[in-house]
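Below: one structure, written as structure tokens.
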Amino acid sequence: MFDHAYSNYMDHAYPADELMPLTCRGRVRGLEPSRGDVDDALGKFSLTLIDTLDTLVLLNKTTEFEEAVRRVLTDVRLDNDIVVSVFETNIRVLGGLLGGHSMAVMLKDAGHHMQWYQDELLHMAKDVGLRLLPAFNTSSGLPYPRVNLKHGIRGPESRTGTETDTCTACAGTIILEFAALSRFTGDPVFEVHARRALDFLWEKRQRNSNLVGTTINIHSGEWVRRDSGVGAGIDSYYEYLLKAYILLGDDLFLQRFNIHYASIMKYISQPPLLLDVHIHKPLLPARTWMDSLLAFFPGLQVLKGDIRPAIETHEMLYQVTKKHNFLPEAFTTDFRVHWAQHPLRPEFAESTYFLYKATKDPYYLEVGRTVLDNLNRFARVPCGFAAMKDVRTGSHEDRMDSFFLAEMFKYLFLLFAEEEDLTFNVEDYIFTTEAHLLPLSLSTAPHAPSPPANTTVQAPSLPHLSAYVKSLWSEEELDDSNFDWTCPNTRLLFPDPAFPRNLRDPIRSAVDKSCPRPAIHREPGMGRPPLRAQDFMANNPDHLELLRRMGVSLIHLKDGRVQLVQHATQAVSAVAAEDGMRFMQEMMELSSQQQKEQLPPRAVQIVSHPFFGRVVLTSGPAQFGTDLSKSITGVRGFVTVAEPYSGCAELSNAAFVQGRIALLQRGQCMFAEKARHIMKAGAIGGIVIDDNEGSSSDTAPLFQMAGDGRNTDDVTLPLLFLFYKEGNILLEALKEYREVEVLLSDKARDRASIFKGKPLPGILLESRRDVQEEEEDCSTDQTSPVPAATLDQSHVRTVKQDESAPHNEEVTPEDDVGPAIKRNPEPEEEPEVDMDSSRKSVEAMMADWREDLEAFQQMEDEL
């Protein structure tokens, strides 16, 4: 799995910061649409490669690690004129470089690899640290949330430094990386600044509740957001207090953590829930939902030694995961989706690893296998692993964040690894919040002096024991003094093997009761689903049978669309039900991708008598066939109704269709199939008319016709779509005037260009003077839907007919097959034109046309 993600990043994205796994390219900031604050992590410094360095070593890929280090030293620049997040750059880039340096030194000392290494990564890490230091130039010592890598904070060139607020975690998640940098380099300035920020946050805690808020003013120290929890905005502040004690050995950090932790367990923890409260009124809940970032907390509780609530909260998170395949970004207290995204966060896997390390309960190996299976089944794509845009539908987002490689694979590998799988002792290191490895030996390195503090910390009760240093005790002495600075032996705490299960079962039942799910268990040996979304054909009996077996129903909607609905309980087996779920997810991704390929509207312009280009119908494009935007002249021809009108079979009136533009009715088969049939009959273009009575471009969004999931390069004619109202205008014109010529183009053409090289009809010459001024104000790229009333007999009366003479054509739209048109093969005389009537009708149409131009232009602007 790691190789799949890493190799695709290197092949398709490097040196970009991150991989876009759906489009198989790199995400370069400024070249892709902005995603807001999320993009602040990107600094054009090959983020994913730096974030992945120590993962390569942990997974025993030392050759790849050596090559990656050389790439970083050769290719990465840190002086880019770009504004980045101080928090993200610290934990990902500085932490990644320090973790890489730690691994390089370890390998070099082992004598087999990296013998050429001379602390180059450490020098780069110091460069990053120096570029982050200007952010700490505040009266409080809290850092600005953003900094310009080249210009710092001050001055117009920096484009930052005006912010007033930062999150608690943003300011409080600096100490590990900055202290490690100071102790690696001997320069105390970094650790001093990080300690100062932590001291300020501690002083600003709410003294009654001993809780901190989520957002703070970096100048005044006032809390901007007073809600307090253990998730987004605060999470790693608590994590770094405990881990700073573990890494640096300063009792002050443990003392502060213990005070905070007691308040968390008193106010925020409502096992198995962790709910935000107000810092001034901690008994008052601040929200009714939880965010996924709190999934790290059970792992932190394991480091603390508080195993029971860790088991309970983790079990709740696991049950939510099993419901939705992944943890939603936020979920309610009754375990339903609040925010549906999931960017492949590793916190749940992290806590699973720590609980397994503490308990050796094989249950957590099963949890880990669920995480693995879901990643492979639902997130794995040809170019990596894609974040989930919506866990309910399984739709993907085109992102694979660097933390996926930095954290997820470390924790999953360590969860399943046997001792012989590890090339070094992980217990000699501590994980940062980005899972970078820092050696515990740094506690003995020279460091900045800390303020005097009372190092005597009252020993907590047995379930709330502190620290990390040893996992198990000897059973020689069990008095409380042994518990002060070590973790408990879980075999002594929980002598009954059923005890953890007794904690988990009530939580599982509570979650199931709140949000029941069908019991679907994966059967072994199941591969990819037998039917892929891109291969599906709605009129293929074999495909319909496969859908039925997967519990998927196909419903033909009134407007011509096809709706797919899955009921897992109706599938022939659990395996088939899961295949149906995957098919539905692929279908939604395919639909989403087609929506992204939105094309502008096209124009059907009636150019024959008596319209002469004045009537322009808004039409929808096809995602296949001739691209009219690349055609200077468009496609011009007379229209003919296809027989059968659906166009879903070989045409019976191919002789009439040849060399003309075929009119077709929507429905019964795929659009590409219609195009192939009229193309075989010799048509030069096609117009599909909606069969949903009353639909109109005036009220409906632009409709564009998708392909059939197969290669449509064989379709070489243009195909356009008209809603019912606009299509009826064309059919009425054909019924009235027998021969109707249209121009299919990307935009309406000026009448002069339509009749270029030909004399303008007399009616246009006379009426042109009246409308010349108005036309000068209309750009030629404006097109407009024209109301059906434009072609009403009261508005257009151009042909004198002998009322007793039989009509030469008959339209029967109520026929199931469509309009059957009988044509007189004999040529007719040019009809006599009633000039007065025609002039009035043209003027009426011009008024309507100009009125609708504005509406159409607005539509184009919105697109």
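The values are calculated or read from the model by the stated rules, or taken from the named source; none is laboratory data. Worth saying up front: this structure is predicted, and the values here are computed from it rather than measured. Neighbour counts are summed over all protein chains in view; Cβ atoms, including those assigned to glycine, are modelled from backbone coordinates with ideal geometry. Ligands, DNA and RNA are stripped out before the accessible areas are found, and what is left, the full protein with its side chains, is counted by its heavy atoms. Shrake-Rupley method; radii C 1.70, N 1.55, O 1.52, S 1.80 Å.
Out of everything in the range 73-96 that is assigned to a helix (DSSP H, G or I) and over 28 Å from the mean Cα position of the chain (by Cα), what residue ends up being surrounded by the fewest Cβ atoms within 10 Å (Cβ to Cβ)? Step by step, filter the range 73-96, then rank; the result is THR74. Only one of the numbered conditions (1) under 26 Å from PRO143 (Cβ atoms); (2) hydrophobic (A, V, I, L, M, F, W, C); (3) over 29 Å from the mean Cα position of the chain (by Cα) is violated by MET265, and that is (1).
Out of curiosity, is ALA706 of a type in the set (A, V, I, L, M), open to solvent by 20 Å² or more (accessible area, probe 1.4 Å), in contact with a helix residue (DSSP H, G or I) (Cβ under 6 Å, 6 or more places away or on another chain) and in contact (Cβ under 8 Å) with a residue 12 or more places away in the chain? Taking the combined requirement at face value, the residue satisfies it.
Right, SER461: closer than 22 Å to ILE91 by Cβ, loosely packed, with under 14 Cβ neighbours inside 10 Å and at pLDDT below 95 or not?
On the way: closer than 22 Å to ILE91 by Cβ: no; loosely packed, with under 14 Cβ neighbours inside 10 Å: yes; at pLDDT below 95: yes.
No: the conditions fail for SER461.
The set of residues from the range 215-268 being hydroxyl-bearing (Ser, Thr, Tyr) and in contact with a Phe, Trp or Tyr (Cβ under 9 Å, 6 or more places away or on another chain) comprises THR215, SER228, SER236, TYR238, TYR240, TYR245, TYR261. Pairs meeting the criteria (first residue in the range 159-181 and on the phi > 0 side of the Ramachandran plot, second residue open to solvent by 10 Å² or more (accessible area, probe 1.4 Å) and not in a loop (DSSP other than H, G, I, E, B), beta carbons under 6 Å, at least 6 apart or on different chains) are ARG159/VAL83. Where the second residue is of a type in the set (Ser, Thr, Tyr) and the first is more than 14 Å from PRO285 (Cβ to Cβ) and lies in the range 263-274, which pairs have Cβ atoms under 7 Å and are six or more apart or on separate chains? Cβ pairs passing all conditions: SER263/SER209; PRO271/THR313; PRO272/THR313.
Within the range 280-371, considering only helices (runs of 4 or more DSSP H) that don't extend past its boundaries, which have at least 3 residues that are within 26 Å of the chain's Cα centre (by Cα)?
Details: elements: 297-304, 307-324, 347-359.
Those helices (runs of 4 or more DSSP H) span 307-324, 347-359.
Of the listed requirements (1) assigned to a loop (DSSP other than H, G, I, E, B); (2) in contact with a strand residue (DSSP E or B) (Cβ under 7 Å, 6 or more places away or on another chain); (3) among the polar types (S, T, N, Q), THR640 misses just one: (1).
Which residues, counting only those in the range 125-167, are in contact with an Asp or Glu (Cβ under 9 Å, 6 or more places away or on another chain), under 26 Å from LYS243 (Cβ atoms) and either of a type outside the set (A, V, I, L, M) or modelled with pLDDT under 95 (or both)? LYS126, ASP127, GLY129, ARG131, GLY141, TYR144, PRO145, ARG146, listed by residue number. Scanning the range 247-274 for residues that are closer than 22 Å to ALA349 by Cα, hydrophobic (A, V, I, L, M, F, W, C) and surrounded by 20 or more Cβ atoms within 10 Å (Cβ to Cβ) gives a single hit, LEU274.
Between ALA649, ALA655, the distinction of being closer than 21 Å to MET537 by Cβ, out of contact with any Gly (no Cβ under 6 Å at 6 or more places or on another chain), surrounded by fewer than 21 Cβ atoms within 10 Å (Cβ to Cβ) and among the small types (Gly, Ala, Ser) belongs to ALA649 only. Quick one: would you say LYS360 is in contact with a Ser or Thr (Cβ under 9 Å, 6 or more places away or on another chain) and at positive phi? The answer is yes for LYS360.
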